1. Using just the helices of the chain, give the 222 nm mean residue ellipticity in deg cm²/dmol: DSSP H runs with n ≥ 4 each add -39,500 (n - 2.57), and the total is spread over all residues, rounded to 500.
2. With an 8 Å Cα cut-off and a minimum separation of 6 or more residues, compute the relative contact order for segment 12-118 in percent.
3. What is the percent of Cα-Cα separations in the chain that go past 38 Å?
4. Would you mind calculating the gained length between residue 178 and residue 146 on full extension (0.36 nm times residue separation, minus the Cα-Cα distance), in nm to one decimal?
5. How much of the DSSP beta bridge set in the chain is antiparallel, as a percent to the nearest 5?
6. I need the calculated FRET efficiency for the pair residue 31 and residue 129, taking r as the beta carbon distance and R₀ as 45 Å, to the nearest 0.05.
7. Lone cysteines in the chain, going by a 4.7 Å Cβ-Cβ cut-off?
8. When a/c reaches 1.5 or more, the comparison of a/b and b/c decides; with that in mind, is segment 197-277 rounded, prolate or oblate per its Cα gyration tensor?
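What follows draws every value from the coordinates through simple rules; no lab data is involved. None of the values given here were measured: they were computed from a predicted structure. Quick reminder, even Gly has a Cβ in these numbers, built from the backbone with ideal geometry, and neighbours come from all protein chains shown.
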Amino acid sequence: MAGIYIHIPFCRQACHYCDFHFSTNLKTQGEMVKSIATEIRNRKDYLNEPVKTIYFGGGTPSLLNVQQLHHLLQTISDNFKVVDGAEVTLEANPEDLTLEKSKMLLASGINRLSIGMQTFDETKLQWMNRAHSSTEARKAYENVRKAGFKNISLDLIYAIPDHDQSAWETDIKSITELQPEHISMYGLTIEEKTVFGKWEEQDKLVQVPEDEAANQYLYAIDYLKDSGYIQYEVSNFGKEGFYSRHNNAYWAGVPYLGVGPGAHSFDGSSRRFNVRNNARYIKAINEGLSFSETEILSETQRLNEQILTQLRTAKGLDLETFEKSSGKSLAQLHAAFIDEMRQKELIEIEDNCLRLKPLGFLVADEIALRMFFPEE
Ligand code: SF4
């Protein structure tokens, strides 16, 4: 089963920490939707399997009107076999979620929302240049529930400077009180080409020390567990039956088509990267020019990706299956390292699966990197 990702590259305003691909020039929205629909039609042979998940990401997909979203969904169903009951997610910002629009979104076929709340602290929302207030976010949540959405994910950010442990605990408690089906939690990272990156360079912003960030993360893991959320990946927590099917498929190496500027696709053996520029994307689509680059994955890249993505999941890395498919025994190759990580309480091995423990999740990428195979 395959997935489709649609990148909607517009935002009302730029959050100070964000380095995703988006533009705040909203004038080309109509043209962009037409171009993305053309890309969907042109690439209808990219996937050989039925589509089980559709994901509108961005940017801010909820900026589009419902007719535009419906048009893209219709174009997908006209050109791909979409299974009954497919998961259709829309990333949405609170300021877009009026009761009326929420009802129309549900009626258009979107059955899962991922809402960027980030924090309940009004001053921090302003400091990060988010386009919504905490009160608006709560109202948006009320609206989508009233509209009938039964699968809602909320995003939170931890390790926000000058947002101490007690402020973080308030955020976690507030989010669980809302009872969403799913919660994603990301540490604030300071990226070079963002406003925060510049502030850091000018000593106007100091990142939260690692140990404080770790305490916030570990606190959240415990609190969410006690509140009935199962951690199924480093940053993702869901109630039973409400894990993100789209992301799970991505981590399992399932093929997916990515359309829109900046989107990536994967067909099982190669990755394709669309240009991260709205004007160039639209022009290329209109004129039938190339707008992407393709990278054929080497055997080593594929194995390393498998290690990285599987280690980040709570299921862990199945050592036996990995050995059967690759002919390489990670347990033997990294015996000393694995032993060291076990003693440090970073990992456990159970039923031949190497799994990260809470402390290990904090350094998941570093652990994976140590187990990577070198390119020949
Ligand atoms: S709304 Fe989302 S994509 Fe847009 S700038 Fe903010 S974080 Fe980035």
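1. Result for the chain: -12500 deg cm²/dmol, rounded to the nearest 500.
2. 28 percent
3. Result for the distance tail: 19 percent.
4. On the way: separation 32, 0.36 × 32 = 11.52 nm, distance 1.32 nm.
Between residue 178 and residue 146, full extension yields 10.2 nm more.
5. 40 percent
6. 0.95
7. 11, 353
8. Values: a/c = 3.24, a/b = 1.17, b/c = 2.77.
The shape class here is oblate.
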